[in-house]
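Below: the structure, in structure tokens.
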Amino acid sequence: MSSTRIEQLIADVQAAFDRRPTEIEPGLDVADAALLQLRKACRLLAGAAALREADYYTLVIEASFVAIERTVEFRLLERGTMQPDGLPGTHPGVYQEAAATGVFAESIAEDLADLWREHRAKTYYQDGLASADRAEAMYALACEIHAYIVGRSRQGHECIC
């Protein structure tokens, strides 16, 4: 491996992202921005379930956090309180916006932001260790939030879980 090879691979990746996609992930070929976020959340939960069975706890935790965010973003977009280009730029910002628009209580938003700051970042970036019980708890939370939000949506039938 050389820096020349890395430079070429970076160029290849950039070109791949610049081209119109042809083989889109199953379930994600939708035009509606809200449905795209919903379906991404569904796929993340499905991936987390498969990874949980294979003992990839760090990835289960990460996918669960991201699935929660995508599910919340789905609801914000669906309700018209946010536009695709105006979604919060921070992870805790998603939860704050959800509380501000009544998706869930302020206390839940604060708890989710605290979880993200205290545990997601630590597990992913620092010295926090992923374990089966942590991954299971995080996955259960993500599934419950997903079910709660989808159950209150007029587009809940679009969920592919």
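Summary table below
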read-out: Value of relative contact order over the chain, rounded to a whole percent, pairs C-alpha under 8 Å and six or more apart; value: 28
read-out: In sequence order, calculated HN-Hα J values of the range 62-73 (Karplus, 6.51, -1.76, 1.60; Hz; x Gly/Pro); value: 4, 5, 5, 4, 5, 4, 4, 4, 5, 5, 5, 4
read-out: Gap separating the Cα centres of the range 129-161 and the range 23-39, nearest whole Å; value: 18
read-out: Dimensionless Rg/Rh of the range 1-90 - Kirkwood Rh, Rg from C-alpha atoms; value: 1.07
read-out: Table column - 3J(HN,Hα) (Hz), the range 93-105, Karplus curve with 6.51, -1.76, 1.60, x for Gly and Pro; value: x, 4, 5, 5, 5, 4, 5, 4, 9, x, 5, 8, 5
read-out: Charge sum, other residues only, whose C-beta stays under 11 Å from Val66's C-beta, Lys/Arg counted +1 and Asp/Glu -1; value: +1
read-out: Derived scalar couplings ³J(HN,Hα) [the range 8-23; Karplus, 6.51 cos²θ - 1.76 cosθ + 1.60; whole Hz; x for Gly, Pro]; value: 5, 5, 4, 4, 4, 5, 4, 5, 4, 6, 6, 7, 5, x, 10, 10
read-out: The range 28-158 pair-distance distribution - Cα-Cα, 10 Å bins, rounded %; value: 13, 45, 33, 8, 0
read-out: For Arg152, net neighbour charge (Lys/Arg +1, Asp/Glu -1) across residues whose Cβ lies under 14 Å away; value: 0
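Coordinate-derived values only; no laboratory data. Everything numeric in this text was worked out from a predicted model, so none of it was measured. Counting neighbours? That spans all protein chains shown, and the Cβs are built from the backbone with ideal geometry, glycine included.
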